[in-house]
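Every number in this text was worked out from the coordinates using simple rules, so none of it is lab data. This one's a predicted model, so the numbers in the text were calculated from it and none came from an experiment. Methodologically, a virtual Cβ is constructed for each residue, glycine included, from the backbone with ideal geometry; neighbour enumeration extends over all protein chains shown.
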Amino acid sequence: MDGIADMGGTEGWGPVHPPSADEPVFAERWQGRALALGVLAIRVSGRNIDAYRYALERLDRTGYLGDGYFGRWLNGAELMLDDSAILAPDAVDARARNLRGEKVAEPPVPEPNRPGYTPAAPGSLRTVDAAPAFATGQRVRTRDMSSPGHTRLPRYLRGHAGVVELIQPAAVLPDTNAEFLGENPQHVYTVRFDARELWGGEDFAVTAELFESYLEAAA
Amino acid sequence: MSERPPVALRAEALEQLLTERGLIETQALDRIIADYETNIGPLNGAKVVARAWSDPQYRRRLLDDGTAAIEELGFSGSQGEHIVVVENTPAVHNVVVCTLCSCYPWPVLGLPPSWYKDPAYRSRVVREPRTVLAEMGLELADDVRIVVHDSTSEVRWLVLPERPAGTEHLTEEQLVPLVTRDAMVGVAKVQAP
């Protein structure tokens, strides 16, 4: 989707923050709790990693950026749990208010509504019987498509031509898997793009892993 | 209605709501946190790099099939289903990003550092990598070819940095502490001691 998460090439973010060698894994205690809650919320909500990324993408600007990376994880976990009706939408807010001494009514626990989803195998790698449609060294073009849902074709690579550099193991298609519309395993290609073709400026290369349905043969 | 509760309190609230219904266990959270605080971090990747620098056959296997060669050293798991290793040389500099989220090879590098998750890095390194690297303290000569790897699928990238001159006499064990996380993502070079 054309949301805030799709950041490649967008402007206005300011300077990068140089690395600090002694950065702790979790600067604050809640950050570790948020990460672990996110990992566990995938299972509790009966969802998958693609659905989690899609939940992150659907957060509003405050939910995505306001509390940093681990805040985003927490907010995405909450959204997945809301989506599967494990929690009522205001349950976390109400409990947090009560934790700080407000007296608010907490919403009743809803009837869970997990998606009817069972992965065909663990992880994302799958076997595809059909031969890859594209060969290494072949020139391909990404489809110029805007997906209303989840996709792993970044906006800045849409409609651009590149060269297949590697054929990676076939994998579950995140676009449909994120919404439980089937795994649709596909071949995955590492495609190399010339940055002058993407941006018209500096000479360097960008590679990305692209699913077969994102690509068409280019002249 | 008063101000929205801060994130730390919301994390505590979510944990309570799930534990009191038996949907998760506190110990399961503690285990995940302890794993990423103590067991799974860039020291794993440093061991892989030091081995590759010390053993040419291992280096070959690592570049041919990163996942299998990394598993030889006992590293695998979440966010490391398929790892591809690329080598930095005097002529080619590889650097890794995830513009869509913050995908990162957890089994070898642990959780990503702040700068990797920062919108400025995610947005800019695919557009002006030379400038971004310079801002991060890495000045590359004009004739060095930069390749930016955007991690858009479950494939994860690990950079095999150049072994610094003056380390020829060092053993594999002595090389390990020289290898930094930042060099294995491609925003720094490994320095000789």
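Across region A:8-16, rounded Karplus estimates of 3J(HN,Hα) from the backbone phi angles (6.51 cos²θ - 1.76 cosθ + 1.60, θ = phi - 60°) give x, x, 6, 10, x, 9, x, x, 6 Hz, Gly and Pro being marked x. Peptide A:150-156 has a mean shielding of 4, counted as Cβ atoms of other protein chains within 10 Å of each residue's Cβ.
Dipole of region B:41-185 computed with +1 at Lys/Arg Cβ and -1 at Asp/Glu Cβ about the Cα centre; of B:P177, B:L109, B:P161, farthest Cα towards the positive end is B:L109. Residues whose amide H falls under 5 Å from that of A:Q168, counting only those 5 or more places apart or on a different chain, are A:V188, A:Y189, A:T190, with hydrogens built in the peptide plane.
Over all directions, the projected convex hull of the C-alpha atoms in region A:139-217 averages 5.0 nm² in area.
Checking every one of the trypsin sites (Lys or Arg not before Pro) in region B:12-94 against DSSP loop status and a limit of 16 other Cβ atoms within 10 Å picks out B:R21. Karplus-derived 3J(HN,Hα) values for region A:129-139, using 6.51 cos²θ - 1.76 cosθ + 1.60 with θ = phi - 60°, are 5, 5, 5, x, 6, 10, 10, 4, x, 7, 8 Hz; glycine and proline are entered as x. FRET efficiency for the B:V144 to B:A28 pair, using the beta carbon distance and R₀ = 51 Å, is estimated at 0.65. With respect to chain B, whose longest principal axis is taken over its alpha-carbon atoms, helix B:42-54 is tilted by about 20°. The longest part of chain B holding none of the exposed loop GluC sites (Glu not before Pro), meaning those outside H, G, I, E and B in DSSP with at most 12 other Cβ atoms within 10 Å, is B:26-138.
For chain B, the list of Cys residues with no other Cys C-beta under 4.7 Å reads B:C101. Scoring B:118-130, A:149-161 by mean Cβ neighbours within 10 Å over their residues and listing the highest first yields B:118-130, A:149-161. About its Cα centre, the dipole of region A:96-145 is roughly 240 debye, where the only charges are +1 on Lys and Arg Cβ and -1 on Asp and Glu Cβ. Rg and Dmax of the protein assembly as shown, based on Cα coordinates, read 21.6, 68 Å. For the residues of A:18-24, the average number of beta carbons from a partner chain within 10 Å of their own beta carbon is 5.
Equivalent ellipsoid of region A:1-113: semi-axes from √(5λ) of the C-alpha gyration tensor, largest first, are 27, 18, 14 Å. Sorting B:I83, A:I4 from the fewest to the most surrounding beta carbons within 10 angstrom yields A:I4, B:I83. Across region A:1-113, the relative contact order, built from alpha-carbon pairs under 8 Å that are at least six residues apart, equals 23 percent. Based on the Stokes-Einstein relation at 37 °C and a viscosity of 0.692 mPa s, and on the Kirkwood radius from alpha carbon pairs, region B:14-74 is assigned a translational diffusion coefficient of 234 µm²/s. GNM remark for chain B: springs join alpha carbons under 10 Å apart, and the peak mean-square fluctuation among B:G22, B:G137, B:G45 falls on B:G22. Secondary structure note: in the protein assembly as shown, about 55% of the DSSP beta bridges are antiparallel. Footprinting exposure proxy ranking of B:T99, B:T171, fewest other C-beta atoms within 10 angstrom first, gives B:T171, B:T99. Partner shielding of B:125-132 amounts to 6, given as the average count of beta-carbon atoms from other chains within 10 Å of each residue beta-carbon. Residue by residue, region A:102-109 carries 3J(HN,Hα) couplings of 6, 10, 10, 6, 8, x, x, 5 Hz when phi is fed to the Karplus relation 6.51 cos²θ - 1.76 cosθ + 1.60 (θ = phi - 60°); x denotes Gly or Pro. The order of A:R196, A:R97, going from fewest to most other C-beta atoms within 10 Å of their C-beta, is A:R196, A:R97.
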